[in-house]
Amino acid sequence: MEHNKEKELPIGFMDSGLGGISVLKAAVQIMPNEDFIYYGDSKNAPYGVKDREKIRELTFHVVETLMKRGIKGLAVACNTATSAAVKDLRLMYPDLPLVGIEPAIKPAVSQYKGGEILVLATPMTIRQEKFHNLLGLYKEQAHIIPVPCAGLMEFVEEGHLDGEFLDAYFSKYLLPYITDKTETIVLGCTHYPFLRPHLREFLGNRQIEIIDGSMGTAKELKRRLGEKNLLHAEKREQQIIFENSMEKQEMIDLSWKLLRLPID
Ligand code: DGL
């Protein structure tokens, strides 16, 4: 039997910090026989308020680190890094199954009922051409309102997933956008799904759907790996490794906590 060495490698994940663990969670669930290595660049977070060149440089560096470790596929589990660097990453690593993540506007529009769709993302994601192109695809079909959320990812990086400071943030930066017509909130940054339980609480009895792109991205990654015959068909014990540029045990501990946290 031919032994495919590449198949034995882990799947790489990267993010500016711990947010991409929301995508890893989905991937771990649908690919239980695969190993994963997750690199969080928390030391350089947030990416979302930096300029494009800097984000590209940081992203390339993280991906290079993962490539040196050996990975059989890659998820750029960061909307900001995806919009700034994914095109070039595809050129740099043409043979690597690679997926990026972008705000889940398509699923929000597919269930559109005529109200307003809010897209929460980093200021950088919202400024990018990639985002404007995405909006352009759907702007005739739905009323979509981008909401830049500088400072929101930090709550997750610090492990603050609820509490009065988060309420104060939502009151100041999100509430002004909420109207009787708001029907969906798209979480367009991979950190935000960890805030979903508290966001639901904050929204009270308003009938607002909250969606994100983690499962869609994980499924696409699985499809790409499958296409190249890089998935284990047999049952095996899964290994997950967390690495973080902060080099602090507490970031690794928080990573495990986030991976195990129920957030749906
Ligand atoms: N998790 C990242 C994203 O999906 C960005 C957070 C940041 O570094 O600003 O956009």
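Among 247-253, 177-183, sorting by the average number of other beta carbon atoms lying within 10 angstrom of each residue, highest first, gives 177-183, 247-253. In the context of the full set of protein chains, region 78-235 has a per residue accessible area of 49 Å² (1.4 Å probe). How large is the Rg to Rh ratio of region 144-244 when both quantities use alpha carbon positions and Rh follows Kirkwood? For region 144-244, the value is 1.08. Is the C-alpha gyration tensor of region 3-112 telling us rounded, prolate or oblate? Criteria: a/c under 1.5 is rounded; beyond that, a/b larger than b/c is prolate, otherwise oblate. The shape class here is oblate. Between the alpha-carbon centers of region 143-186 and region 1-75, tell me the distance in whole angstrom. Each part's Cα centre sits 26 Å from the other's. For the chain, the relative contact order comes to 30 percent (Cα pairs under 8 Å, sequence separation of at least 6).
Given LYS5/LYS257; LYS72/LYS222; LYS5/LYS248, which pairs have Cα atoms separated by over 21 Å? Check vs 21 Å cut-off fails for LYS5/LYS257; LYS5/LYS248.
Exposure check, 1.4 Å probe, all protein chains in place: GLU57 carries approximately 110 Å² of accessible surface. Between the Cα long axis of helix 79-92 and the first principal axis of the chain there is an angle of about 30°, rounded to the nearest 10.
Taking all Cα pairs closer than 8 Å and separated by 6 or more residues, the relative contact order of region 42-178 comes to 23 percent.
Candidate cross-link partners of LYS106 among the aspartates and glutamates, defined by an alpha-carbon separation under 18 Å and a same-chain spacing of 8 or more, comprise GLU116, GLU129, GLU140, GLU183, GLU209, ASP212, GLU220. Note on region 106-254: with neighbouring protein chains present and a 1.4 Å probe, carbon and sulfur make up 50 percent of its accessible heavy-atom surface. Taking only the C-alpha atoms of the chain, the Rg (one decimal) and the largest Cα-Cα distance, Dmax (whole number), read 18.1, 62 Å. For region 28-181, dividing the convex hull volume of the Cα atoms by the residue count gives 149 Å³ per residue. Using only the alpha-carbon atoms of region 45-90 as identical scatterers, what base-10 log of I(q)/I(0) does the Debye formula give at q = 0.24 Å⁻¹? Debye output, listed in q order: -0.84.
The values are calculated or read from the model by the stated rules, or taken from the named source; none is laboratory data. On a predicted model such as this, the values are computed, not experimentally measured, just so you know. Using ideal geometry, Cβ is built from the backbone for each residue, glycine included, and neighbour counts are taken over all protein chains shown. Calculation scope for accessible area: heavy atoms of the full protein, side chains included, ligands and nucleic acids excluded. Shrake-Rupley method; radii C 1.70, N 1.55, O 1.52, S 1.80 Å.
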